[in-house]
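The values are calculated or read from the model by the stated rules, or taken from the named source; none is laboratory data. Quantities reported herein were computed from a predicted structural model and do not represent experimental measurements. Glycine also receives a Cβ, built like all others from the backbone with ideal geometry; neighbour counts cover every protein chain displayed. Surface areas here come from the heavy atoms of the whole protein model, side chains and all, with no ligands, DNA or RNA. Shrake-Rupley method; radii C 1.70, N 1.55, O 1.52, S 1.80 Å.
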Amino acid sequence: MGPHVADSRALPLAAAPLLGAEDPAPFTVLHPAGRSAYVLIADHAGQQVPGVLANLGLPQVERDRHIGLDIGIAGVTRELARLLDAWAITQTYSRLVIDCNRPLASPTLIPEVSDHTVVPGNAGLSAAQRQQRIDAIHAPYHARIAAELDARAGQQRPTLLVMMHSFTPRMNGADRPWHAGVLYHQDTRLAHALLQALRDEGDLVVGDNEPYSVSSTSDYAVPVHGEGRGLLHVELEIRQDLIADAAGQRAWAERLARVFTALDVTARPTP
């Protein structure tokens, strides 16, 4: 009998990569040599969809809604990073592809329905398809954040971590009165200082853990990058109608740059 030859038809086909040659990288780093103590991360800045996913079966009008991205936050983050000379990272892909502020076990990591909109491209995904999105987008994005935080720790640089988000002014039939919201979980050091500073502005309605609250099962960045490292941190939400255009984004970046620069939180004890 001659040598055994494997039947190639029995071998599993390698999965095609999620991101093709025409798809952008999963994140953009701004001011890589920034000197500020502030580090800005924007998990929902982008609204790209990998070409192979065919827009998830959704029209552009749906992908332009708050379900597709945090409207306006990319512009605020870019301008604020410039004003502060701060290292910042913006995530490229729509939160409908994969939500980079969700733990991997979260049921909303890859939502099949978002604010009453069915997402056809997310229906009935296999474990392998889910893992493909994690490996292509979620994992490298958070690995880059972790690498920066590791480097800063190694250099003994102070770090104030700010998670940048925006929220829709109306949800489930109810108006949301807050101009901004300051979110936190167990560590309130930076959050309470920022909450007071924004309220001291005199012209803002600022939510205290509103319109959302943070938990280790619903959020990723605060428990992992903030609390997990013992860093001073806060999650900031800005109402989307206030930053929907370039003028609003500039105005909020200028306000935040002034407020952040004036904050004195370095002496606050670890909880």
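Note on the stretch 1-41: among residues that are open to solvent by 60 Å² or more (accessible area, probe 1.4 Å) and hydroxyl-bearing (S, T, Y), the one that is modelled with the lowest pLDDT is S8.
To keep it simple, each residue is scored yes or no on (1) closer than 23 Å to V52 by Cβ; (2) of a type in the set (A, V, I, L, M); (3) in contact with a helix residue (DSSP H, G or I) (Cβ under 8 Å, 6 or more places away or on another chain).
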| residue | (1), (2), (3) |
| --- | --- |
| P111 | yes, no, yes |
| A139 | yes, yes, no |
| H142 | yes, no, yes |
| E148 | no, no, no |
| G154 | no, no, no |
| R157 | no, no, no |
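When the test is whether a residue is of a type in the set (K, R), more than 17 Å from S166 (Cβ to Cβ) and assigned to a helix (DSSP H, G or I), R78 does not pass it. Where strands (runs of 3 or more DSSP E) fall entirely within the stretch 160-271, those with at least 1 residues that are among the charged types (D, E, K, R) and modelled with pLDDT of 95 or more are at 206-208, 232-239.
To keep it simple, each residue is scored yes or no on (1) surrounded by fewer than 17 Cβ atoms within 10 Å (Cβ to Cβ); (2) farther than 17 Å from V259 by Cβ; (3) in contact (Cβ under 8 Å) with a residue 12 or more places away in the chain.
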position: G124; (1), (2), (3): yes, yes, no
position: H185; (1), (2), (3): no, yes, yes
position: Q196; (1), (2), (3): yes, no, no
position: T217; (1), (2), (3): yes, yes, yes
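Screening the stretch 81-109 for residues that are part of a loop (DSSP other than H, G, I, E, B) and touching a Gly at 6+ places or on another chain (Cβ under 9 Å) and picking the one that is farthest from S166 (Cα to Cα) gives D85. Taking the stated definitions as given, is I110 of a type in the set (A, V, I, L, M, F, W, C), closer than 29 Å to N172 by Cβ, touching a residue at least 60 places away in the same chain (Cβ under 8 Å) and open to solvent by less than 60 Å² (accessible area, probe 1.4 Å)? So I110 fails the test.
In the stretch 133-157, the residues that are at negative phi reach residues that are of a type in the set (F, W, Y) and surrounded by 13 or more Cβ atoms within 10 Å (Cβ to Cβ) with C-beta atoms within less than 7 angstrom, at least six apart or across chains, in these pairs: I137/Y93; Y141/F27; R144/F27; E148/W87. Restricted to the stretch 198-215, and to residues there that are under 18 Å from A257 (Cβ atoms) and open to solvent by less than 40 Å² (accessible area, probe 1.4 Å), the residue that is farthest from the chain's Cα centre (by Cα) is L204. For the stretch 142-154, the set of residues classified as in contact with a His (Cβ under 9 Å, 6 or more places away or on another chain) and either open to solvent by less than 20 Å² (accessible area, probe 1.4 Å) or basic (K, R) (or both) consists of H142, I145, L149, listed by residue number. Looking only at the stretch 155-165, decide whether some residue is under 20 Å from S215 (Cβ atoms) and touching a His at 6+ places or on another chain (Cβ under 6 Å). Among the residues of the stretch 155-165, at least one is under 20 Å from S215 (Cβ atoms) and touching a His at 6+ places or on another chain (Cβ under 6 Å), which makes the answer yes. Every condition in (1) surrounded by fewer than 17 Cβ atoms within 10 Å (Cβ to Cβ); (2) closer than 21 Å to Q91 by Cα is met by V234 except one, and the failing one is (1).
Do we find that I71 is open to solvent by less than 10 Å² (accessible area, probe 1.4 Å), at pLDDT 95 or above, over 23 Å from L160 (Cα atoms) and assigned to a loop (DSSP other than H, G, I, E, B) in this structure? Criteria not met by I71.
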